[in-house]
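Reading through the structure tokens given below for one structure.
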Amino acid sequence: MTTPHQPETILVCVAWPYANNHLHAGHLAGAYLPADVFARYQRLKGNRVLMVSGSDSHGTPVTVRAEQEGTTPEAVFQRYHRSFLETWKGFGIGFDLFTSTDTANHIEVVQEIFSRLLERGYLYEAEQELLYDPVAQRFLPDRYVEGICPICGFDGARGDQCDNCGSTLDALELKSPRSRLSDATPERRASNHFFLKLSAFTEQLQAWVEPKDFWRPHVRGFTLGMLREGLKDRAITRDLTWGVPIPLDGYNDKRIYVWFEAVIGYLSATKEWAASAANPTRNADDWHDWWTDPSARTEYFIGKDNVPFHTVIWPAILMGYGGLNLPYDVPANQYLTMSGTKASKSRGGVVWLPDYLERYDPDPLRYMMTANAPETSDADFTWDEYVRRNNDELVARWGNLVNRVLTITGRNFDAKVPEPPATLAPESQALLDRVDAAFDTVGADIDRVQLRRALNGAMEVAQAANQYIDARAPWTAVKNDREHAAETLYVTLNVISGLVTLLDPVLPFTCATAWTMLGHTGSIEAGGWRRTPVLAGTALPAPAPLFKKLDDSVVTDEEARLAAQAAG
RNA sequence: GGCAGGGUAGCUCAGUGGUAGAGCAGCGGACUCAUAAGCCGUUGGUCGAGAGUUCAAAUCUCUCCCCUGCUACCA
């Protein structure tokens, strides 16, 4: 039983992936999957949801990859942008718009924000001394410089940090510095840049974050700690030619840098969507509904490495600009580790998503990553656990429940939903009540982005249904008490119907199949966040298993694949 | 070094003041509709270490140890 409610307006913002490589399992677990589960639930609930993100086409990694391949940043970005779109399709990540930072609209929005912040005195120009690679003819970010650590003497320390002793460094301190791009010795050069006056927002940010007691402890704690230490102004421009141009004369060789510009993508994507054919009203001003109506919720799904940009820098930009909604929540996930090691685009040893889809179905990975999501601490992915969850939980507990009930009904009741008695037995009514109540509890969990708990709550109902069936043994009753069996199957089919909707946010592909096997027409989403009743007499199509049981050889095969990848 | 998160059964993890929990693995049992799945029972933990507060602490305070991440020109 769900209570009627006013539809909410919710913007689901998801991190913008660097378009410099394919996506791996860590991306999915960290941001894209939780965002999609959340958005699917909100749509089922009848809320007005817009889910946006896009490829980050700028940034050093894209440029570096292009140089390594002897091609252009545009070509690199285009290639991986297409890969991302395929990945979303394959895993059912339902963006309303997945654009990129390489659009005229985005550039316009970024420049408008830049100009207003400059006008208001939140940007200022100052000179800074940087390392320049004379061979590659580029200024070097700290981490692209290597040299001898001034603290421990380790040769191979990066400009930002020494991997040997863990010290935080300034690239200018390194002894015998060399560029990681060309091996050349970098030279010092002064350059003028625009700085964002973050220091001006410390108190305002503190007052904003302090009451957010519903934020995840690691997100809120990290943010408050950072504010306590005090914010330093940051340069938001770079000496580059690939990026958003500065909207002033005389800065042709400089660009606005990604960390300032990419977060603005949430706003520019909303504007792009509003003006596009995807918006039913075709009213370009609709972006206001998500950004200037204070009742709208904006939720940001990101990995923990992205927290400062979404709880400090982006809010500061919004405060400086004025009149736009600040983030409601930033449910950042921790990391997904691969058999104990951190997933990394560069280091390998990861499960690449396009590769996964060539061999397996999307729902089992969606399930596994929701059940074991890195919500409070890092979570480990192992193929052993993947196979176990698939076989024990999806196949055995849930898929088998559907299959056994549909099979018994098909064989004994002419493939039609049996007629229940006028009054249901107490245990029958209790089970139906339990499913209906789960819509409130599971829904509340998803709304707070406690997806692990939500999924667990739904799966407990599946377990209760198995217990109910076992206790009432319809396979026996069908021979000596048909009415008893009819009641059991009628009730269980209805419980399954509820479970299909409860599980749909996590398992959209298999739930769509199960939905039709229950004789329902239309979409699950149209049915809403409630148990869609299965009516007596409805014809049931022939059932088929929802999930495939996986052989243990999957574990050894995939582990060998990972090992080969890490070695090669 | 600083900051943050975490350290609970063999494994993956719930559990923020009131007699230690789930799933899996192990062991035993009853059933047989179902992808040999499902169900019942059971073995197993000095809740990282120590001290403190309390009638009572996994849960609050302090110290220490270990793991992970961040430390702001990677985003």
Looking at A:Trp383, A:Trp352 in this structure, which one is under 19 Å from A:Leu28 (Cα atoms) and either in contact with a strand residue (DSSP E or B) (Cβ under 7 Å, 6 or more places away or on another chain) or among the basic types (Lys, Arg) (or both)? A:Trp352
Every residue from segment A:216-254 that is in contact with a helix residue (DSSP H, G or I) (Cβ under 8 Å, 6 or more places away or on another chain), in a loop (DSSP other than H, G, I, E, B) and either among the aromatic types (Phe, Trp, Tyr) or closer than 17 Å to A:Val307 by Cα (or both): A:Gly230, A:Leu231, A:Lys232, A:Trp242
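Yes or no, residue by residue, for (1) hydroxyl-bearing (Ser, Thr, Tyr); (2) within 12 Å of RNA strand B (Cβ to nearest atom); (3) surrounded by fewer than 24 Cβ atoms within 10 Å (Cβ to Cβ):
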{"site": "A:Thr9", "(1), (2), (3)": "yes, no, yes"}
{"site": "A:Cys13", "(1), (2), (3)": "no, no, no"}
{"site": "A:Ala19", "(1), (2), (3)": "no, yes, no"}
{"site": "A:Gly30", "(1), (2), (3)": "no, yes, no"}
{"site": "A:Leu33", "(1), (2), (3)": "no, no, no"}
{"site": "A:Ala39", "(1), (2), (3)": "no, no, no"}
{"site": "A:Arg48", "(1), (2), (3)": "no, no, yes"}
{"site": "A:Ser57", "(1), (2), (3)": "yes, yes, no"}
{"site": "A:Thr60", "(1), (2), (3)": "yes, yes, yes"}
Based on this model, can you work out whether A:Thr382 counts as of a type in the set (Ser, Thr, Tyr) and either more than 10 Å from RNA strand B (Cβ to nearest atom) or within 19 Å of the chain's Cα centre (by Cα) (or both)? no
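Conditions tested, residue by residue: (1) at pLDDT below 95; (2) surrounded by fewer than 19 Cβ atoms within 10 Å (Cβ to Cβ); (3) not in a strand (DSSP E or B).
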| site | (1), (2), (3) |
| --- | --- |
| A:Ser346 | yes, yes, yes |
| A:Thr370 | yes, no, yes |
| A:Glu375 | yes, no, yes |
| A:Asn403 | no, yes, yes |
| A:Thr423 | no, yes, yes |
Hits in segment A:119-145 - residues which are in contact with a helix residue (DSSP H, G or I) (Cβ under 9 Å, 6 or more places away or on another chain), assigned to a loop (DSSP other than H, G, I, E, B), more than 10 Å from RNA strand B (Cβ to nearest atom) and modelled with pLDDT under 85: A:Ala136
Index of the failed condition, A:Leu326 passing every other in (1) in a loop (DSSP other than H, G, I, E, B); (2) out of contact with any Phe, Trp or Tyr (no Cβ under 9 Å at 6 or more places or on another chain); (3) over 30 Å from A:Ala477 (Cβ atoms); (4) aliphatic (A, V, I, L, M): (2)
Selected residue (only one of A:Ser523, A:Ser553 is polar (S, T, N, Q) and modelled with pLDDT of 95 or more): A:Ser523
Could you list all residues from segment A:182-207 that are crowded, with 18+ Cβ neighbours inside 10 Å and not in a strand (DSSP E or B)? A:Pro186, A:Leu198, A:Phe201, A:Leu205
Residue check, A:Glu272 modelled with pLDDT under 95, charged (D, E, K, R) and touching a helix residue (DSSP H, G or I) at 6+ places or on another chain (Cβ under 7 Å): no
Scanning segment A:50-65 for residues that are of a type in the set (Gly, Ala, Ser) and free of Cβ contacts under 8 Å to residues at least 60 places away in the same chain gives A:Ser55, A:Ser57
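Quick one: which helices (runs of 4 or more DSSP H) sit completely within segment A:435-528 and have at least 2 residues that are surrounded by fewer than 19 Cβ atoms within 10 Å (Cβ to Cβ) and away from RNA strand B (no atom under 13 Å from the Cβ)?
Per the criteria, A:482-503, A:508-517, A:524-527.
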Check off (1) of a type in the set (Asp, Glu); (2) surrounded by 13 or more Cβ atoms within 10 Å (Cβ to Cβ); (3) farther than 24 Å from A:Trp259 by Cα for A:Glu108 and give me the number that stays unchecked. (3)
Selection within segment A:255-309 - of a type in the set (D, E, K, R), within 16 Å of RNA strand B (Cβ to nearest atom) and not in a helix (DSSP H, G or I): A:Arg255
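Taking segment A:536-556, which residues are exposed (fewer than 13 other Cβ atoms within 10 Å of the Cβ) and over 19 Å from A:Asp504 (Cβ atoms)?
A:Gly537, A:Ala539, A:Ala542, A:Asp551, A:Asp552, A:Ser553, A:Thr556
The values are calculated or read from the model by the stated rules, or taken from the named source; none is laboratory data. Please read these numbers as outputs of a predicted model, since none were measured by experiment. Neighbour counts run over all protein chains shown; Cβ positions are idealised from the backbone, glycine included.
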